[in-house]
Amino acid sequence: MNVQYTKNNSKVISIFETTLRLIKDHGFHGTAMSKIAQEADVAIGTIYHYFPSKDDLIVSLFQYCGDTLNEAIFGSLDDKLTYKDTFFHIWKGFVKFYREHVEMFSFFEQFYSSPYYNVNSYETNESISGQSNILKFLTTGINKGELKDTNVEALACVFFGTAVSAIKGVKHNKLKSNESIEDVVNIIWDGVKNK
């Protein structure tokens, strides 16, 4: 069951935030529902009221994280920007978001590598961490002649893959400044733009 959460439901948000923290530290299997209840300071019955199973909690948490990311990235777009400036804004937005939300970054990495993703891929593909919005944006770029006329899924892999790599580079002190991040996005743009 995919719970309808709202920003006003403090219990559900507390459950989500606690689960994110515990999964970052202990992984999916090491995060027991009883531990989530204890750390979120809610009754175990409260969790099961919203989420009939741990699987339901994990999939709903994925949706919550995707919605949070989408709002952070796409909720702040200025339609007066050029396509190139929007490309830079979105890519740097992903990097900034994940740098500031380490627990969500860890959760997404574990989710994509888990059976949860494979089992729920049809259900989750619609909003996977901005993937559908990025595919639309990249398709628009191809159609307008801004980007190379190539497979949009391949472009999405370049877009997401380099963002994830940059985040890990910052995390491990390989990329030490915003200038390095700017260098990376310039290299990506030079590789995908229609010359």
**Message:** If R₀ is 22 angstrom, what is the calculated FRET efficiency for the pair Leu77 and Glu153, using the beta carbon separation as r and rounding to 0.05?
**Reply:** 0.50
**Request:** Mind checking which lysines have their Cα closer than 27 Å to the Cα of Lys54? Skip sequence neighbours fewer than 8 apart in that chain.
**Result:** Lys7, Lys11, Lys24, Lys35
**Message:** Could you put Lys54, Lys144 in order of accessible surface area, largest first, with the 1.4 Å probe and the full protein assembly present?
**Reply:** Lys144, Lys54
**Request:** First measure r as the distance between the Cβ atoms of Gln110 and Ser10, then evaluate 1/(1 + (r/R0)^6) with R0 = 22 Å and state the FRET efficiency to the nearest 0.05.
**Result:** 0.30
**Complete:** Share of accessible surface on carbon and sulfur in the chain, whole %, 1.4 Å probe and ligands ignored, is 50 percent
**Other-chain or far-sequence residues with amide H under 5 Å of Leu147's (modelled H)** = Ile142, Asn194
**Request:** For Lys174, list the aspartates and glutamates whose Cα falls under 20 Å from its own Cα; do not include residues on the same chain fewer than 8 positions away.
**Result:** Glu100, Glu109, Glu182, Asp183
**Fill in**
Among (i) -0.65, -0.85, -1.22; (ii) -0.88, -0.99, -1.23; (iii) -0.56, -0.78, -1.35, the entry matching log10 I(q)/I(0) by the Debye sum over Cα atoms at q = 0.12, 0.14, 0.18 Å⁻¹ as calculated here is (i)
**Message:** I want to check the label-to-label distance for His49 and Glu17. Put each point 7 Å from Cα in the C-beta direction and report it in nm to one decimal.
**Reply:** 1.9 nm
**Request:** Counting helices only, and only those DSSP H runs with n ≥ 4, report the 222 nm mean residue ellipticity of the chain as the sum of -39,500 (n - 2.57) divided by its residues, in deg cm²/dmol to the nearest 500.
**Result:** -22500 deg cm²/dmol
**Fill in**
Reported to the nearest 10 Å², His26 has, with a 1.4 Å probe, an accessible area equal to 110 Å²
**Asked** Working out 0.36 nm times the residue gap between Asn143 and His26, then minus their Cα-Cα distance, what length gain in nm do you get to one decimal?
**Response** 37.7 nm
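The values are calculated or read from the model by the stated rules, or taken from the named source; none is laboratory data. Keep in mind it's a predicted model, so treat the numbers as computed, not measured. When we count neighbours, we look across all protein chains shown, and the Cβ atoms used for this are built from the backbone with ideal geometry, even at glycine. For accessibility, only protein heavy atoms count, side chains too; no ligands or nucleic acids. Shrake-Rupley method; radii C 1.70, N 1.55, O 1.52, S 1.80 Å.
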